[in-house]
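Since the structure comes first, as structure tokens, the remarks are kept for the end.
What follows is calculated from the coordinates using simple rules that are stated; it is not laboratory data. Quantities reported herein were computed from a predicted structural model and do not represent experimental measurements. With ideal geometry, Cβ positions are generated from the backbone for all residues, glycine too; neighbour counts draw on all protein chains shown.
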Amino acid sequence: MNSDAPKGQRIAKIIARAGVSSRREAERWIADGRVTLNGKPVDSPALNVSIDADIRINGNPLPARDAARVWRYNKPQGRLTTHRDPEGRPTIFDALPTELAHAKPVGRLDMNSEGLLLLTNDGELARRLELPSTGWLRQYRVRVHGRIDPSALAILERGVEIDGTHFRPARAKLERQVNANAWLTIAIREGKNREVRRLMEHLGYTVNRLIRTGYGPFQLGKLPRSHVQEVAPKILAEQLPRA
């Protein structure tokens with residue numbers, strides 16, 4: 001064992017775990033000189049500190065860290081997954097309870113997508129659950145315009161490259177064909193920006209509805225549209241990956 005190994009955790013991680021920001025936001029705050037440690041400005045987000053260190057943001061101490069909480073939210077179409085939008089478009093937080101005003105989304109759904117979105121009070125947990133290394137499936141029901149060729153769907157199982165971006169293998173299955181439209185079930189493990197839409201466009205299909213139904217062990221189930229429900233602590237403890 002290396003006795004010279006840095007003690008504690010990275011300061012940006014501790015700030016994120018306190019629920020006041022994401023790790024990326026904490027890194028920006030440090031770069032802007034807004035963070036102090038024991039009264040002195042911090043100049044590196046990689047600084048290792050003890051979890052009980054005197055860390056302050058704009059002179060204010062970090063709040064006592066709450067236990068991690070996670071909520072399932074059935075996001076409707078027409079809302080952005082962000083806390084605020086410079087163009088004034090509606091966001092999910094305009095309609096969520098004030099209790100969740102500072103919650104962090106786990107991943108995103110674009111404005112025209114709907115379905116399961118996880119929210120948490122723990123910024124570091126949100127970041128961890130987004131990582132492909134977690135290995136969690138993201139599951140979707142997708143309606144596309146066009147008649148489905150099963151052999152085309154099989155292409156996705158090998159992984160594809162689109163405009164220089166590599167997409168990992170995805171599973172797509174025809175659920176039913178309804179005249180000129182078809183419903184598919186699609187499962188991916190990475191969640192790149194607009195990944196499902198880009199995969200379908202690559203095959204020549206246009207997505208006209210996209211619903212996320214599952215994120216890892218958490219399912220949309222029968223949660224009504226625009227409703228939010230906290231995951232029970234016991235279930236959360238059983239399902240969350242170890243840090």
Got a sec? Charge dipole of the chain, +1 on Cβ for Lys and Arg, -1 for Asp and Glu; which of Asn193, Gln229, Gly107 is way out at the positive end? Gln229
With only alpha-carbon atoms in the gyration tensor, what are the semi-axes of the equivalent ellipsoid for region 1-118, in Å, largest first? 32, 16, 13
Among 69-79, 203-213, 28-38, the order from most to least packed when residues are scored by Cβ within 10 Å on average: 69-79, 203-213, 28-38
Cα centroid separation, region 38-78 to region 114-150 (Å): 25
Cα-based shape type of region 58-173, given that a ≥ b ≥ c are square roots of the gyration tensor eigenvalues and the cut on a/c is 1.5: prolate
About the Cα centre, charge dipole magnitude for the chain (Lys/Arg +1, Asp/Glu -1 at Cβ), debye: 560
Normalised by the number of residues in the chain, what is the relative contact order in percent for Cα pairs under 8 Å and 6+ residues apart? 20
Which ³J(HN,Hα) values, rounded to whole Hz and listed in residue order, are derived for region 216-225 from phi using the Karplus coefficients 6.51, -1.76 and 1.60 in 6.51 cos²θ - 1.76 cosθ + 1.60 with θ = phi - 60°, glycine and proline given as x? x, x, 9, 10, 5, x, 9, 4, x, 4
In the chain, with Lys and Arg counted as +1 and Asp and Glu as -1 at Cβ, which of these residues, Ile57, Val160, Pro132, has the Cα nearest the positive end of the dipole, that is, farthest along it? Val160
Given Cβ point charges of +1 (Lys, Arg) and -1 (Asp, Glu) and nothing else, what value in debye, to the nearest 20, does the dipole of region 137-215 about its Cα centre take? 340
Put in order of increasing Cβ neighbours within 10 Å, starting from the fewest, Lys40, Lys104 give Lys40, Lys104
